[in-house]
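Please treat every number below as a calculation from the coordinates, not as lab data. Since we're looking at a predicted model, the values are computed, not measured. Please note: Cβ atoms are built from the backbone with ideal geometry, for glycine as well, and neighbour counts cover all protein chains shown.
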Amino acid sequence: MEKRRTVPVKLDVDSDDDALLRDTVDEFLWAANYVTRHAFKGEYVTTSKTTLHDDTYEDVRDETRLHSNHVQAARNKAAEACKSVVEKWKQGKQASMPHFTSPHLVYDHRTATFHGDYVSLATVDGRIEADYVLPDEERDTPHAEYFFSDEYETTGAELHYTNGNWMLHIHCKKEVESVTPEQDATENRTVLGVDLGVNNLAVASTGTFWTGAEFDHWRREYEKRRGDLQEHGTRWAHENMQAVGRKEEGRFKQTLHRISNELVAEALEHGCSVIAFEDLTDIRERTGASWGHKWAFNRLYEYVEYKAEECGIDVKQVDPENTSRRCSQCGFTHPDNRKSESFECLKCGYENHADYNAAKNIGLRYLRRSQTDSGGGAPVGVRLNSGMLNANGEYEPPADESVRAGVHAESPPL
Ligand SMILES: [Zn+2]
């Protein structure tokens, strides 16, 4: 059987090459969306790669400057997304036509060549070369373990643009006779816990915060303008209000797309196989969130779900009970542990940002549930910005010392 791993590598890209990569990504996303729209045109959704190829290949070649393998990769991407929509329909779930927005591009051995310290990538106008930006310490990093290891072969890569950087997620595989659950469990399969809330729209167990300020500003502005227009009560005012609504909704969605892209990138960069959220059903009652927030949480969850799926990451919801009152360090649960934004455990004294503590609890809850459910093959830790929490809530320091800069660094318990 095969063992597959993905290694994130940051690329050093100059401004000319940056422009070329952006154009290539734009055309790739255009192609994937074009094929998707075509697939949804008829009475049934077309999911066959061959049919989609026959129907769209020439058009996409005419309309873009993409390498033929990029055209095929975009078509495969579209076909797989359409297939998963049809799967959801069969299970009685809701799903709408996929639309690709997260900036990424799929490479294979015809479009990318991996060298010792740089990669050569096909673009819409010839090839570019970009150096790898690697951690100083080369021992015990995923780069050393998989990417530069003779045992693993590279099978392709996805290029992502996140937080102002081009990141190449290189897929590696090796043939192994068999993998026991114990072996698999040692492979750092981890969960990213995410807490959603009003002050911070999202907080990840890695210590990254996404503030709600921008969203709040828009929502207040929207409600105010709606109020002004409603006072007039005329037909004109009514139509104007709907136009304001559509425009504001579009802007909210843009922000949520950006946050969802960054959340998925966070999971990818930390090698997480699962992103865990709390169950959103009663979130208004629990957090005092407005209708607008509930709307935003649902959109954000949906966006993360389908974008993560594109990258092979599962997205799950866990029981939200006490995630904000429980100490992520010792498990002691008490309403007085939390005072608005700060968390201080009455039993062990653990102190941190309340939303960050909740994100860790959400990750831990998923971890424990999945370990009870399935035994082997389940994730083994909750990813922090440095190191990991195991299912007993014990802190495990990182293998290497290249600690990521995060908002809330985790220190080992005393
Ligand atoms: Zn505690």
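So, R0 is 35 Å and r is the distance between the beta-carbons of residue 93 and residue 148; what FRET efficiency does that work out to, to 0.05?
Values: r = 42 Å, r/R0 = 1.19.
Given R0 = 35 Å and the Cβ-Cβ separation, E is 0.25.
Computed from the C-beta positions of residue 80 and residue 249, the FRET efficiency with R₀ = 30 Å rounds to 0.60. Computed over region 1-111, the P(r) tail beyond 22 angstrom holds 40 percent of alpha carbon pairs. For region 1-93, what does the relative contact order come out to in percent, with C-alpha contacts under 8 Å and a separation of six or more? With pairs under 8 Å counted, the relative contact order is 33 percent.
For the pair residue 30 and residue 155, label points projected 7 Å from Cα toward Cβ lie 3.1 nm apart.
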